[in-house]
Every structure is written in structure tokens, then in C-alpha cells.
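Contents: one structure, followed by commentary.
The values are calculated or read from the model by the stated rules, or taken from the named source; none is laboratory data. What you are looking at is a predicted structure, and each value in this text was computed from that prediction instead of being measured. Every residue, glycine among them, receives a Cβ derived from its backbone with ideal geometry; neighbour counts consider all protein chains shown.
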Amino acid sequence: MTADAAASAIRVGPRQPWRIVLGALDEKLGIEVHEQSIDRVVASMPVDGNTQSLGRLHGGASAALAEAAGSWAALIYASTWGKACVGVDLNITHHRGARAGRIHATATPLHLGRRSATHQIVVTHDDGSLLATARITNFLIDPE
């Protein structure tokens, strides 16, 4: 399903939760979705191919994964109200780096309202170590 088809389904279809559709950046980063619901979105990506000059995971890549997971979670929620969403705030704290393996982002809701949704995203490594924590707020809007 294309992004246009997903937006159209939100406008005219029943208020079933939206299903995640990867965007071009998500595909370039190698993101895979493992779980998707209003309560939890889990996605992962490889460290390989997403590193900075010194061979460590690029902070922007982990931020992109966190933003994707949190935004998808917000859109799944918004879609049940016949709404879309736009991100208005993202913050991320990087606790440690990674050089290999996969990283995993788990987005859970902190606030689900009529006008906004805020999610916490915890980013971990394959070995279970905490790599980053993030928070994203999305405004719920009428689909265009």
C-alpha cells in the first residue's frame, strides 16, 4: 500500500488501525517492523550501513529509527479517530554506542489524547543494553 493509499484509507475507510508502510528512508536504513498496535510498536535496524566516520552507530540513524517507531505508533492511534498526525517535537538521549549487530526501538504511549499523542521510545542493542531513550509528540490532524 502506498502512502497515498494509506492516507485515503484513513479518510474514507472504517476506523481500523492504520498498518505500517515503510518509507524510502526506512528502507535505506534497513528498518524492519516486528510489532504494531496502539499499545506498542517494535522495529529494528542493522548497525552495519548506519555508522558514522569512526565506525560507530550514527546518532542520526538511531534518532530516525526512534522517530519512525514513535510516529508510526501515533499514526496507528490517530487513524482509529479518522485522523493523521504530524510530529512536532522529538528529543533523544544517547547513552552508549554500538559497532555491530541490530538495534531495537520500542515505542509505548505516554499520552493519547484527542489533539496530541506522546510516545516514549527505548532503543536497545541485541545484547539488551540501553543505547538511547527518546520522546516524540505528534499532533493529531485531519487528513488532507
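Things worth noting here:
- Whichever residue in segment 36-67 is of a type outside the set (Ser, Thr, Tyr) and free of Cβ contacts under 8 Å to residues at least 24 places away in the same chain and, among such residues, is surrounded by the fewest Cβ atoms within 10 Å (Cβ to Cβ): LEU54
- Residues that are touching a residue at least 40 places away in the same chain (Cβ under 8 Å) and either under 14 Å from the mean Cα position of the chain (by Cα) or crowded, with 18+ Cβ neighbours inside 10 Å (or both), drawn from segment 94-119: GLY97, ALA98, ILE103, HIS104, ALA105, THR106, ALA107, THR108, PRO109, LEU112, ALA117, HIS119
- Close pairs (6 angstrom Cβ cut-off, 6 or more residues apart or separate chains): in contact (Cβ under 8 Å) with a residue 40 or more places away in the chain in segment 68-80, in a helix (DSSP H, G or I) anywhere: ALA68/ASP26; SER79/ILE10
- All positions within segment 113-136 that are more than 19 Å from ALA43 (Cβ to Cβ) and out of contact with any Cys (no Cβ under 9 Å at 6 or more places or on another chain): GLY113, ARG114, ARG115
- Of all the listed residues (SER53, SER44, SER71), the sole one being closer than 15 Å to TRP18 by Cα, modelled with pLDDT of 95 or more, among the polar types (S, T, N, Q) and out of contact with any Pro (no Cβ under 9 Å at 6 or more places or on another chain) is SER71.
- Meets criteria (among the charged types (D, E, K, R), at negative phi and part of a loop (DSSP other than H, G, I, E, B)) for ASP39: yes
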